[in-house]
Amino acid sequence: MRRLVVALALVASVALPHPALAAGIAASWPVGHQPFGVAIDPTDGRVYVANSGGSTVSVVQPASGAVSSVVVGSQPGLLAVEPVSRRLYVSNSGDQTLSVVNLTTMAVSATVFGAGGLGVAVNPAVNRIYVAGGTQFVAVNTTSNSIISFVGVPGGQSWFGVAVDPSLHRVYVTNIASTSPSLEVLDDRTLTKLAELSLPKVVRFAIAVDPTTHAVYLGSEASDAFATDSEFYVVDATTLAIMHTTPLGRFSGGIALKSGRIFVTDMNGRVLRELDDQTFAVTATTALPWQPALLAAHPDGRLYVAGSSPDVVAAVANNSAPTIDSVSFSPMPVHTDDLLQASVVAHDPEGDTLTLSYEWSRNGAVIPGATTAGLDLSGSGAGDRDDTIALRVTASDGQLSTTANASIVVADSAPTVSVALNETSPTTNALLTATATASDPDGDSLTYTFKWQVNGVTFETATGPNPADGFDLSLAGNGDRGDTISVQVTASDGTLESSPASAAAVIANSAPVVAVSLSDATPRKKDVLVATATGDDADGDPLTFTYVWRLNGEVRRTTTISGNPDSFDLKGRVANGDVVAVTVTAADGTATSVPAAAGATVSKSSDER
């Protein structure tokens, strides 16, 4: 472990000044001197920290805050938990031993001498634990706690970090030879070397295996103590070749995997970096107030990072950006005068309260003041037919935010129409006029279709831009007294048609008209004056005529007859110069005409001269 101690001292000698306390640190606990390795017991959540500056492992219970310790070998550095057998394996570099701690009794149950002292990884599938020791590499049987396989490291090489992939029966070991660093690939049963991958830069303990893709993640050191060119490598499990490289910073300490993200500590840069496990891009950087060592992911969702200079282990609630799951609109489809409502489903990985903000745009131009979940399209400039209405919604947890975009095209709105007739009780010979009143939310030009019916039978249909149409009742068959005349109107914008509107009228009885004439305008006293009435009824109804005879203004006789003519005998009733008048009305049994009148003046006969 002396080489490790020297490396750490070198890092400390060029460390940057302490930055401000990172907001991501949720809590911290004091531990032993120079904490380095960290392991989590997933069964009860206890956190184990190897104190490389002494001979203890600190035991932290985050729920209660209790901290205790277990005495192990000299200068413990790396840890591995096997939760099923309830064991903790501690690699001690000071005395080249492996301590086996019973997690039930919290006491060392066995010590394996000569079992490395650097990187350590357990493989329950084959009951083995693997320990690197720089110039040697061993496999220890976890049942007997004895070394069962030994590999002598080739000259010039030094094996440090260890990770296992039980599914592929592989053990990965980092070789930190300064001139030719590499990744060694061994069979987990025989420790036979399967492959050796040359690495661009030295990788120490920053090694992890993705259990889903089987990719191997590596974090390198920088090219020298003052450089900032450390790198993150992704090794393909099939080709055993580096398939991706991401620039990092100074000195990669450890790697932890959590919730689709990769976390790497930078021991010299005093930061924790987050990488996406799909793009492998650095998505967040959290500043730490001290030099970090290794780290581990906890079931409580936090990362536990060893702080080597202040002798603490800290729970880092590394904040993640919210996720917008969906953006939907209602109503669907949306029209010009609708209130368009956005429904956003979002969540935060840490359960933080989210704030949603909205920005609406029309055909690419932001709509001023449109910053709520609803957009009233009836407002001026908000949106018309064929406009593309887009929403940019942002979910924020107060520190990080995520943006999503959605859009919808405004559909054509059907026009609306109403109709009214100029008469509700027209007569047989009337010109009935229908006037439509229509509106279109999109302002489209409209055409109108009028369908006229007599007692439910269509007689006439007309289509055109004129919002009014007439129906001549005087035409044969277009309607008689008692018939129901109806009109149905629809308005069309060329794409959509309105719902029909209708109006109706019942043809009323037409009053007859009458005219009258007298047989003589200057009758003699002994004449019989004959009045002939001429009547007409638009409905063709039979008529009766009422004749009212007046002499000098006084009614002398009233006669109602169904035919023509009527006469008035002047003999014995009149004198010369008297005025005889007749007034006639025609009746169809329901209505009576306007009276018609005619008059005559009695004149002297020749024998009276």
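The values are calculated or read from the model by the stated rules, or taken from the named source; none is laboratory data. These figures come from a predicted structure and were not determined experimentally. Glycine gets a Cβ as well: all are built from the backbone with ideal geometry, and neighbour counts include every protein chain shown.
Residues that are in contact with a Lys or Arg (Cβ under 6 Å, 6 or more places away or on another chain) and not in a loop (DSSP other than H, G, I, E, B) do not occur anywhere in region 174-182. Looking at 579, 574, just one residue is at pLDDT below 90, in contact with a strand residue (DSSP E or B) (Cβ under 7 Å, 6 or more places away or on another chain) and either surrounded by 13 or more Cβ atoms within 10 Å (Cβ to Cβ) or not assigned by TED's automatic domain parsing to the domain that holds residue 527 (or both), and that residue is 574.
Residues are listed down the side, and each one gets a yes or a no for (1) part of a strand (DSSP E or B); (2) among the polar types (S, T, N, Q); (3) not assigned by TED's automatic domain parsing to the domain that holds residue 539:
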position: 395; (1), (2), (3): yes, no, yes
position: 398; (1), (2), (3): no, no, yes
position: 428; (1), (2), (3): no, yes, yes
position: 449; (1), (2), (3): yes, yes, yes
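Restricting attention to region 288-339, the residues being of a type in the set (S, T, N, Q) and part of a strand (DSSP E or B) number 4. Within region 422-440, residues that are without any contact (Cβ under 8 Å) to a residue 24 or more places away in the chain and of a type outside the set (D, E, K, R) sit with their Cβ atoms under 9 Å from residues that are crowded, with 20+ Cβ neighbours inside 10 Å and not in a loop (DSSP other than H, G, I, E, B), at 6+ positions apart or across chains, in these pairs: 422/432; 422/434.
Every condition in (1) over 30 Å from residue 444 (Cβ atoms); (2) loosely packed, with under 14 Cβ neighbours inside 10 Å holds for residue 508 except the one numbered (2). For residue 429, the conditions (1) at negative phi; (2) within 38 Å of the chain's Cα centre (by Cα) all hold with the exception of (2). Only one entry of 361, 326, 378, 320 meets the criterion of being hydroxyl-bearing (Ser, Thr, Tyr) and surrounded by fewer than 12 Cβ atoms within 10 Å (Cβ to Cβ), and that entry is 326. Residue selection: residue 538 satisfies the criterion of being modelled with pLDDT under 95 and closer than 30 Å to residue 482 by Cβ.
Condition check ((1) modelled with pLDDT under 95; (2) out of contact with any Lys or Arg (no Cβ under 7 Å at 6 or more places or on another chain); (3) farther than 20 Å from residue 385 by Cα) across all residues:
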residue: 431; (1), (2), (3): yes, yes, yes
residue: 436; (1), (2), (3): no, yes, yes
residue: 442; (1), (2), (3): yes, no, no
residue: 457; (1), (2), (3): yes, yes, yes
residue: 465; (1), (2), (3): no, yes, yes
residue: 468; (1), (2), (3): no, yes, yes
residue: 476; (1), (2), (3): yes, yes, yes
residue: 490; (1), (2), (3): no, yes, yes
residue: 502; (1), (2), (3): no, yes, yes
